[in-house]
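Taking it in order: structure first as structure tokens, then the write-up.
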There are 2 protein chains.
Amino acid sequence: MRKLEKGLKVKVLKSEYLVKRPWLTAKKESLELPDGRNVPEYWVLEYPDWVNTIAVTKDGLFIFVYQYRHALQVSEYELCSGVCEKEDTDALASAKRELLEETGYGNGQWRKLMTISANPSTQTNMVHCFLATDVEKISTQHLDETENLTVETLTLEQVKELLKTDQIKQATHIAPLWRYMAENKLF
Amino acid sequence: MRKLEKGLKVKVLKSEYLVKRPWLTAKKESLELPDGRNVPEYWVLEYPDWVNTIAVTKDGLFIFVYQYRHALQVSEYELCSGVCEKEDTDALASAKRELLEETGYGNGQWRKLMTISANPSTQTNMVHCFLATDVEKISTQHLDETENLTVETLTLEQVKELLKTDQIKQATHIAPLWRYMAENKLF
């Protein structure tokens with residue numbers, strides 16, 4: 001069995017940014033494969049790293065946000081999530097800041113659950129997934145200007161129901177949730 | 001607890017395609033939120049639907065592909081996956097075609113495991129995840145021109161090791177794999 005290998009495996013012949021906006025950075029690359037063949041147009045999307053958190057209260061309730069997601073035109077439950085800002089010292093700090101801002105919950109014990117990618121073939125960024133247990137309500141919500149979401153606490157049975165019936169669509173949230181269920185033998 | 005709700009929840013004031021290429025279609029939209037506030041620049045990425053398959057042989061071996069993923073610059077194991085083509089009658093047909101083309105495996109019993117999204121806020125497409133059991137090698141690989149991947153069969157223990165040690169990065173593949181592990185009580 002092979003290992004995950006990091007490092008460039010193609011020759012980048014040309015790379016140019018065609019979109020460079022706050023919410024979309026897209027560059028077009030021309031690649032030479034190891035066997036000499038060319039891929040004349042390969043699109044790479046650059047994003048900052050993202051974070052999300054499975055946050056559980058002392059009473060065993062799971063903190064979820066319910067919000068509208070425009071590209072897919074669905075309103076769904078998701079984990080609290082966000083973007084790693086330059087001011088954050090690391091991904092854990094980003095996750096704690098996002099949980100506090102979006103939901104008002106904090107404290108508790110935190111650990112990294114996994115680090116994944118929304119799409120390794122097109123996106124440059126990683127998604128850092130955390131588990132926070134024994135979190136408490138310590139503040140009020142402080143949402144960004146155009147954020148519009150509702151915070152809800154769900155029981156384990158409700159979270160399992162959402163997962164079983166495919167009501168959470170965001171793959172980068174479903175992956176850590178199913179991992180949490182599998183490793184804690186909750187199914 | 002709320003349900004997943006489908007439907008537009010904002011007013012699209014303006015929508016224009018800024019990139020329309022075979023591998024990237026990006027449109028810039030101007031949105032009006034329900035409370036009247038404006039989001040002047042919201043990027044939506046349009047893709048065709050995708051498929052992936054957890055394929056298991058009669059001997060209980062899992063069919064994986066090992067390949068280089070350029071945006072993240074990693075070489076990793078992934079499920080067999082691909083794009084829904086216009087010629088395919090449905091997502092199941094796409095998944096069967098991709099498994100046969102990429103790996104030479106076919107037949108077996110197929111069922112839909114889940115339907116998810118790589119990113120509901122930015123991408124319009126769905127990812128249809130299938131489980132195929134008792135698949136058999138019935139053909140040779142027929143790869144697309146610039147595809148470069150190796151097919152390997154892994155044991156359950158090897159797949160669990162890859163998952164536990166975070167060696168698969170693709171969230172849309174990790175989600176169905178952990179679901180499979182949780183529902184079959186394999187952890």
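The values are calculated or read from the model by the stated rules, or taken from the named source; none is laboratory data. What you see is a predicted model, and the numbers here were worked out from it, not measured in a lab. FYI the Cβ positions are ideal-geometry reconstructions off the backbone, even for glycines, and counts take in every protein chain you see.
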- Go through (1) in contact (Cβ under 8 Å) with a residue 40 or more places away in the chain; (2) farther than 30 Å from B:Val12 by Cβ; (3) touching a strand residue (DSSP E or B) at 6+ places or on another chain (Cβ under 8 Å) one by one and return the number of the condition A:Leu31 breaks. (1)
- Message: Which count do you get for residues in the range A:95-111 that are assigned to a helix (DSSP H, G or I) and of a type outside the set (Val, Ile, Thr)?
- Response: 8
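Just to be sure, is B:Leu99 of a type in the set (A, V, I, L, M) and either within 10 Å of chain A (Cβ to nearest Cβ) or farther than 30 Å from A:Leu4 by Cα (or both)?
On the way: of a type in the set (A, V, I, L, M): yes; either within 10 Å of chain A (Cβ to nearest Cβ) or farther than 30 Å from A:Leu4 by Cα (or both): no.
No, not satisfied.
In the range A:118-153, which residues are assigned to a strand (DSSP E or B) and either surrounded by fewer than 18 Cβ atoms within 10 Å (Cβ to Cβ) or without any contact (Cβ under 8 Å) to a residue 12 or more places away in the chain (or both)?
Filtering the range A:118-153 down to residues assigned to a strand (DSSP E or B) leaves A:123, A:127-137, A:149-153.
Residues satisfying the conditions are A:Thr133, A:Asp134, A:Glu136, A:Lys137, A:Leu149, A:Thr150, A:Val151, A:Glu152, A:Thr153.
In this structure, does B:His173 turn out to be part of a helix (DSSP H, G or I) and under 26 Å from A:Ala26 (Cβ atoms)?
Working: part of a helix (DSSP H, G or I): yes; under 26 Å from A:Ala26 (Cβ atoms): yes.
In short, yes.
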- First in the range B:164-187 and in the same structural domain as B:Val56 (by TED's automatic domain parsing), second anywhere and among the polar types (S, T, N, Q) and assigned to a helix (DSSP H, G or I), Cβ under 6 Å, 6 or more apart: B:Ala171/A:Thr172
- Going by the conditions given, is B:Glu161 touching a residue at least 60 places away in the same chain (Cβ under 8 Å), at the interface with chain A (Cβ under 9 Å from one of its Cβ atoms) and more than 19 Å from A:Leu72 (Cα to Cα)? no
- Message: Of everything in the range A:34-60, what is in contact (Cβ under 8 Å) with a residue 24 or more places away in the chain and in contact with a Phe, Trp or Tyr (Cβ under 8 Å, 6 or more places away or on another chain)? Give them in sequence order.
- Response: A:Trp43, A:Val51, A:Asn52, A:Thr53, A:Ile54, A:Ala55, A:Val56, A:Thr57
